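*Asks:* Pasting a structure here, questions to come.
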Amino acid sequence: MKIRAGIIGVGCYLPSKRLTNADLEKMVDTTDEWITTRTGIKERRIASKNEAVSDLAIAAAKNALKDAKVKPEDLDLIIVATISPDMHFPSTACLVQKALGAKKALCFDVGAACAGFVYALSIAQQFIESGKTKKVLVIGAEMLSSITDWTDRNTCVLFGDGAGACVVTPVKRGGIISSYLGSDGSQSDLMMMPGGGSRHPASHQTINKKMHFIKMQGKELFKLAVNIMADAANKALKQAGLKCKDVDCVIPHQANIRILMAVAKKLGLPPEKIFLNIERYGNMSSASTATALCEAVRKGKIKKGDIVVLDAFGAGLVWGACVIRW
Ligand code: UT7
């Protein structure tokens with residue numbers, strides 16, 4: 001019989017400091033009205049000076065392990081999806097392993113930007129289905145405040161910090177029914193952080209040119225996101241033998257409320273089936289889907305037996321959707 005992977009616990013961590021639209025009005029030429037109507041964001045969380053992304057990831061992980069009643073030492077695998085790691089290497093997953101004392105776990109990071117959590121979950125699913133792995137910790141964690149240009153109104157109003165996690169194991173009932181992933185590197189110039197890698201190693205020049213910050217062509221990404229997210233959800237549902245009308249809750253990447261409402265319309269789903277946390281946290285890349293899943297479960301928006309679709313899109317381009325029977 002086929003082994004099926006399922007989520008048995010969720011957790012998240014959001015830094016306590018809030019940055020509101022009113023705060024941003026004092027920093028750049030923007031208004032609460034513009035940010036609210038164009039994006040749906042009211043405030044975002046910002047990590048403290050002595051926090052790094054692994055700290056956020058560890059806090060979310062502890063939360064998820066507690067929820068799943070799994071001990072760190074029993075973990076076989078830790079996957080962290082992040083584009084804002086503590087450092088290039090070692091991987092953030094190894095730093096999480098050290099802090100948790102998850103001695104026997106295999107650890108690596110996944111770089112799939114805003115689709116990172118869906119990519120990591122799909123990888124976890126395949127490790128479990130192979131029969132070799134029993135307990136996986138999947139984390140989406142970001143500290144986008146550390147790579148945001150706080151003088152650029154086109155981007156700085158959008159991003160925030162946070163982390164979400166889940167524990168994946170073989171399950172007897174329900175679980176991840178299907179997952180669908182895609183990429184299109186021909187569009188890689190639409191969103192990137194150009195500095196700090198081997199192409200443009202850190203130098204005075206890269207700093208002066210602000211190359212260590214997120215660069216984004218928002219308008220172009222917007223149109224692609226709507227079509228690609230709707231298509232990914234449809235493909236994953238088809239693979240699962242289900243239709244849009246069977247869906248109880250969509251947990252999408254939270255880049256822009258207008259994108260999400262357009263995706264809902266394309267899928268023929270009422271807006272209330274789309275779980276939103278963008279108003280409170282902004283776009284947290286891989287952490288958006290991860291924290292939204294955790295909050296939807298905690299708020300009772302997802303119940304046993306529900307059909308849940310995770311749906312994400314981001315820089316790469318990369319995208320993915322997972323269909324889960326909860
Ligand atoms: O995370 C996954 C990948 N990312 C995405 O999927 C992001 C998708 N894109 C978006 O969410 C939207 O394109 C944005 C929120 C980034 C921008 O919204 P938009 O409706 O596409 O605005 P725009 O870029 O077309 O800008 C419209 C106007 C411009 O002024 P002009 O040129 O028309 O005079 C901008 O300069 O709004 C101006 N603008 C602002 N005004 C006030 C841009 N940012 C701001 C701002 N406050 N913060």
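The values are calculated or read from the model by the stated rules, or taken from the named source; none is laboratory data. Quick caveat, the model's predicted, so the values are computed rather than measured. Glycine gets a Cβ as well: all are built from the backbone with ideal geometry, and neighbour counts include every protein chain shown. Ligands, DNA and RNA are excluded from the accessible area calculation, which covers all protein heavy atoms including side chains. Shrake-Rupley method; radii C 1.70, N 1.55, O 1.52, S 1.80 Å.
*Asks:* Sort out which residues of segment 132-144 are open to solvent by 20 Å² or more (accessible area, probe 1.4 Å) and either β-branched (Val, Ile, Thr) or not in a loop (DSSP other than H, G, I, E, B) (or both), and write them in order of number.
*Replies:* Of the residues in segment 132-144, the ones open to solvent by 20 Å² or more (accessible area, probe 1.4 Å) are 132, 134-135, 143.
Met143 - this is the single residue of segment 132-144 that is open to solvent by 20 Å² or more (accessible area, probe 1.4 Å) and either β-branched (Val, Ile, Thr) or not in a loop (DSSP other than H, G, I, E, B) (or both).
Results for (1) over 20 Å from the mean Cα position of the chain (by Cα); (2) more than 26 Å from Arg44 (Cβ to Cβ), shown as yes or no for each residue.
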residue	(1), (2)
Asp184	no, yes
Gly196	yes, no
Gln205	yes, yes
Phe213	no, no
Ala255	no, no
Met261	no, no
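*Asks:* Right, another one. List the helices (runs of 4 or more DSSP H) that sit entirely inside segment 208-286 and contain at least 2 residues that are among the basic types (Lys, Arg) and near the ligand (Cβ under 10 Å from one of its atoms).
*Replies:* Ranges flagged: 218-240.
*Asks:* Next up: Exactly one condition in (1) in contact with a Gly (Cβ under 9 Å, 6 or more places away or on another chain); (2) assigned to a helix (DSSP H, G or I); (3) under 27 Å from Pro85 (Cβ atoms) is false for Gly320; which is it?
*Replies:* (2)
*Asks:* Any residue in segment 144-159 that's within 10 Å of the ligand (Cβ to nearest atom): show its pairings with residues that are open to solvent by 40 Å² or more (accessible area, probe 1.4 Å) and not aliphatic (A, V, I, L, M) at Cβ separation under 7 Å, as long as the two are six or more apart or on different chains.
*Replies:* From residues that are within 10 Å of the ligand (Cβ to nearest atom), the pairs are Arg153/Asp29; Cys156/Trp150.
*Asks:* Separate question: Please work out which one of (1) more than 13 Å from the ligand (Cβ to nearest atom); (2) among the small types (Gly, Ala, Ser); (3) open to solvent by 20 Å² or more (accessible area, probe 1.4 Å) is the condition Ala290 fails and give its number.
*Replies:* In the conditions (1) more than 13 Å from the ligand (Cβ to nearest atom); (2) among the small types (Gly, Ala, Ser); (3) open to solvent by 20 Å² or more (accessible area, probe 1.4 Å), Ala290 misses (3) alone.
*Asks:* May I ask you to say which residue of Glu295, Glu272 is out of contact with any Asp or Glu (no Cβ under 9 Å at 6 or more places or on another chain) and farther than 30 Å from Pro170 by Cβ? Write out each step before concluding.
*Replies:* Working: Glu295 fails: farther than 30 Å from Pro170 by Cβ.
One residue alone meets the criteria, Glu272.
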